1. Write out, first by first residue and then by second, each pair whose Cβ atoms fall under 7 Å of each other, whose residues are 6+ apart or on separate chains, and whose first residue, in segment 75-100, is surrounded by 12 or more Cβ atoms within 10 Å (Cβ to Cβ) while the second is of a type in the set (Phe, Trp, Tyr).
2. Which residue pairs have Cβ atoms under 9 Å apart, sit 6 or more places apart or on different chains, and have a first residue in segment 45-64 that is assigned to a loop (DSSP other than H, G, I, E, B) and a second that is among the β-branched types (Val, Ile, Thr)?
3. Of all the residues that make up segment 81-106, how many are basic (Lys, Arg), touching a helix residue (DSSP H, G or I) at 6+ places or on another chain (Cβ under 9 Å) and outside any helix (DSSP H, G or I)?
4. Residue by residue through segment 45-72, note down the ones that are among the acidic types (Asp, Glu) and at pLDDT below 90.
5. Look through 110, 75 and report the one residue that is of a type outside the set (A, V, I, L, M, F, W, C), modelled with pLDDT of 85 or more and not assigned by TED's automatic domain parsing to the domain that holds residue 13.
Amino acid sequence: MENTTDLRDSVKNWLQIDIEIKQLQKEIKRRRTMKKDITNRLIDTMKTNDIDVMNIPDGRLVRTSNRVKAPLSKRHLVESLLLYFKEDQEMVKSISSHIMDTRKVKVVERIQKKK
């Protein structure tokens, strides 16, 4: 950025792109909601009719189910350690503190528009 005109133009472009992205994100959110509703109806229909695969013009729709574990939280960690080390609460406190304190921290820099 050699002069204030370049800086001003860059800020204007940045703001315009930011506005466009927000509008597109709203549309994406609306479409994701619609897709989620349709997906739920399709899953229900496929379950009731015992359909695992549907052929479509450019491939096939496959109904699958996956087991997903909940994220590891500090509360769950402490509760699990308390169950394992029933008598030694100091050890539980020490272990959980060590685990929580030694997590890696990632620093992300960005520019935001604040109102």
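1. Every condition considered, the pairs that remain are 91/85; 92/85.
2. Correct list of pairs: 51/45; 52/62; 52/64; 63/43; 63/51; 63/53.
3. Count: 0.
4. 52, 58
5. On the way: 110 fails: modelled with pLDDT of 85 or more.
Only one candidate qualifies: 75.
The values are calculated or read from the model by the stated rules, or taken from the named source; none is laboratory data. Just so it is clear, the structure is predicted and the values come from calculations on it, not from any experiment. Positions of Cβ are backbone-derived with ideal geometry, glycine not excepted, and every protein chain shown enters the neighbour counts.
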